[in-house]
Amino acid sequence: MIITYVVHVCGMFRIASYRIQRALSSDVLRKIGPKEGIKIHKEIIYAVDIHRKAMKYCELLLSSFEGMNMFLIVFGVLSLSLNLFRVFQIMSFGGDIDEFCMHFTYAFIDIVYMFLANYAAQEITNHNDHVFVTTYHVQWYAAPLHIQRMILFLLQRGTKTFTITIGGLLIGSMESFTSLISVSLSYFTVIYSTQN
């Protein structure tokens with residue numbers, strides 16, 4: 001279900017990019033007149049509106065699952081550390097292959113969960129950035145002055161990166177995924193060193 005929400009938000013950002021690109025295409029800017037100027041103005045307003053709605057939808061989604069996400073981050077790191085420790089114990093001292101498979105599977109599931117959560121957040125950030133890349137690459141400088149002002153407003157908003165904060169603890173990205181794995185391995189190392 002959460003994957004559907006993420007895909008929906010990414011789609012909203014893509015729609016905003018498409019509308020900006022279509023509104024300021026070179027064909028439209030060549031034959032600019034009063035009617036075309038109003039049309040461009042409306043298209044940009046629609047693009048800004050859907051972009052704003054996508055950001056609000058994303059914030060609503062995060063606030064709905066914030067407590068659960070914070071718990072899952074802490075639980076995931078601890079679970080991965082303990083399962084890695086148990087896998088290492090079974091491999092070192094011998095043990096039941098079924099128990100090894102069980103703990104290895106749990107560790108793998110923890111890694112997959114952490115990866116998917118951070119990948120989804122990274123995709124949202126990338127799609128949001130695509131709106132501003134699209135805005136930079138269209139020929140906004142060839143548009144009438146009042147439209148240029150609107151585009152400059154959009155470009156100014158693009159200077160601040162829109163990030164997804166997962167559980168209020170970390171910014172969702174692939175860098176955060178590697179940080180979580182690193183923390184889990186650090187805890188595993190601490191547990192291992194205290195056992196010896």
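One Cα centroid belongs to region 65-83, the other to region 107-134; the line between them spans 17 Å. Membrane-span-like helices in the chain (whole DSSP H runs, Cα extent of at least 24 Å along the helix axis, mean Kyte-Doolittle hydropathy of at least 0.5): 2-23, 34-93, 174-195. The ratio of the alpha-carbon radius of gyration of region 1-195 to the globular-protein estimate 2.2 N^0.38 Å is 1.43. Would you work out which of G37, V77, T4 lies farthest towards the positive end of the dipole of region 1-195? Charges go on Cβ: Lys and Arg +1, Asp and Glu -1. My answer, from the dipole projection, is G37.
Taking label points 7 Å from Cα along the Cα-to-Cβ direction, Y141 and Q156 give a separation of 2.0 nm.
Read-outs throughout are calculated quantities, based only on the coordinates presented, and are distinct from any laboratory measurement. The structure presented is a predicted model; accordingly, all values stated were derived computationally and were not measured. Please note: Cβ atoms are built from the backbone with ideal geometry, for glycine as well, and neighbour counts cover all protein chains shown.
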